[in-house]
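The values are calculated or read from the model by the stated rules, or taken from the named source; none is laboratory data. Since we're looking at a predicted model, the values are computed, not measured. With ideal geometry, Cβ positions are generated from the backbone for all residues, glycine too; neighbour counts draw on all protein chains shown.
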Amino acid sequence: MFFAKETAEEYQLNPEKMPKHIAIIMDGNGRWATKRSLPRKAGHKAGAEALEKIIYAAKELGLEHLTVYAFSTENWKRSEEEVGAIMDILRFYLKNYFKKFVKDDIRMHVIGDKTRLDQDIQDAIEEIEALSKEKQGMTVHIALNYGGRDELRRAVGKIAQDVAEGRLAAADVTEDVITNALDTAGTPDPELMIRTSGEERISNFLLWQIAYSEFYFSDMLWPDFDKKELEKAIYYYQNRERRFGGRLK
Ligand code: FPP
């Protein structure tokens, strides 16, 4: 007879096969709110609270990097009201709550094109990154006005400029040169990518970095996502065979 694995203990995570880096597409805030007859912004607020819990859960599990998709280059197309509400939540967390993470030894890092964000948000990002840059516990990368294609476009621009100004020969543009020109330079690629809410798409997230990532699609809406579901995703990852294009011996 098959019994659902009810508790995290039953997932029996192997400490030697823990991923170093998990990336998450936090999807389903809007549906979570609609199901409760609440405005969409209430879903985003609940989503931010879920994120806070997942950050601590990831740290307890010993992850080194957690990257979350908070606002994409495409999200500007939402209503002015919704964009404003998401920006207000980000503002609040950046200016107040993230300091608590820093006290708990967490480094905060933002990826994406910050230049389109309001100046006070850009200043708050700069402040929290500087304040937390020596923290060793875990790094949280928040993707803000982020798009994988836009990140590649910006990286290609930087490399082209290096070539045009004679610092780099075109023949020397290796995969490492591209990796190091991305917003994620210095961060290992995610071994595991999670998307919530039952959708099975990448939506322009970390296109270069997920070349060999495993994927876990959860039916949970993001505000309901918890430590147990994170452990389930890791359990699933640990029990897959990773071949990197090669053959298992
Ligand atoms: C996707 O759900 C979620 C977003 C576009 C916003 C995610 C933002 C947060 C969780 C807040 C982040 C906060 C901090 C502090 C970084 P959706 O609105 O697309 O949901 P739906 O598909 O059900 O409509």
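Taking Leu63 as the residue in question, decide whether it is under 28 Å from Ile210 (Cα atoms) and either at pLDDT below 95 or surrounded by 13 or more Cβ atoms within 10 Å (Cβ to Cβ) (or both).
yes
Taking segment 172-190 on its own, how many of its residues are of a type in the set (D, E, K, R) and surrounded by fewer than 16 Cβ atoms within 10 Å (Cβ to Cβ)?
3
Listed residues Glu199, Glu129, Glu151, Glu214; which is over 23 Å from Lys59 (Cβ atoms), free of Cβ contacts under 8 Å to residues at least 60 places away in the same chain and charged (D, E, K, R)?
Going through Glu199, Glu129, Glu151, Glu214 in turn, just one is over 23 Å from Lys59 (Cβ atoms), free of Cβ contacts under 8 Å to residues at least 60 places away in the same chain and charged (D, E, K, R): Glu151.
For Lys5, only one of the following conditions fails: (1) at pLDDT below 95; (2) within 10 Å of the ligand (Cβ to nearest atom). What is its number?
(2)
If a residue has to be surrounded by fewer than 16 Cβ atoms within 10 Å (Cβ to Cβ) and farther than 16 Å from Thr196 by Cβ to count, how many in segment 14-55 make the cut?
Qualifying residue count for the region: 9.
Output the number of residues of segment 14-42 satisfying the condition of being near the ligand (Cβ under 7 Å from one of its atoms), more than 18 Å from the chain's Cα centre (by Cα) and either under 18 Å from Lys227 (Cβ atoms) or in contact (Cβ under 8 Å) with a residue 60 or more places away in the chain (or both).
Within segment 14-42, residues that are near the ligand (Cβ under 7 Å from one of its atoms), more than 18 Å from the chain's Cα centre (by Cα) and either under 18 Å from Lys227 (Cβ atoms) or in contact (Cβ under 8 Å) with a residue 60 or more places away in the chain (or both) number 2.
Out of the residues in segment 227-249 that are without any contact (Cβ under 8 Å) to a residue 40 or more places away in the chain and not in a loop (DSSP other than H, G, I, E, B), which is farthest from Met193 (Cα to Cα)?
Glu229
Of Ala130, Ala143, which residue is within 11 Å of the ligand (Cβ to nearest atom) and either over 22 Å from Gly47 (Cα atoms) or within 16 Å of the chain's Cα centre (by Cα) (or both)?
Ala143
Suppose the filter is under 19 Å from Leu66 (Cβ atoms), of a type outside the set (Gly, Ala, Ser) and not in a strand (DSSP E or B); does Thr184 pass it?
The answer is yes for Thr184.
Can you confirm whether segment 204-226 contains a residue that is within 17 Å of Gly28 (Cα to Cα), out of contact with any Cys (no Cβ under 7 Å at 6 or more places or on another chain) and part of a strand (DSSP E or B)?
Looking for residues that are within 17 Å of Gly28 (Cα to Cα), out of contact with any Cys (no Cβ under 7 Å at 6 or more places or on another chain) and part of a strand (DSSP E or B), one finds at least one in segment 204-226, hence yes.
Can we say Asp176 is acidic (Asp, Glu), under 25 Å from Ala23 (Cα atoms) and without any contact (Cβ under 8 Å) to a residue 40 or more places away in the chain?
yes
Scan segment 96-134 for residues that are under 17 Å from Ser72 (Cβ atoms) and part of a helix (DSSP H, G or I) and report the count.
Qualifying residue count, segment 96-134: 5.
(1) part of a loop (DSSP other than H, G, I, E, B); (2) closer than 20 Å to Asn204 by Cβ: which one isn't true of Val83, the others all being true?
(1)
Out of the residues in segment 52-80 that are in a helix (DSSP H, G or I) and under 20 Å from Tyr235 (Cα atoms), state the one that is farthest from the ligand (Cβ to nearest atom).
Glu60
Please enumerate the residues belonging to segment 205-222 that are within 16 Å of the ligand (Cβ to nearest atom) and crowded, with 21+ Cβ neighbours inside 10 Å.
Scanning segment 205-222 gives Phe205, Leu206, Ser218, Leu221, Trp222.
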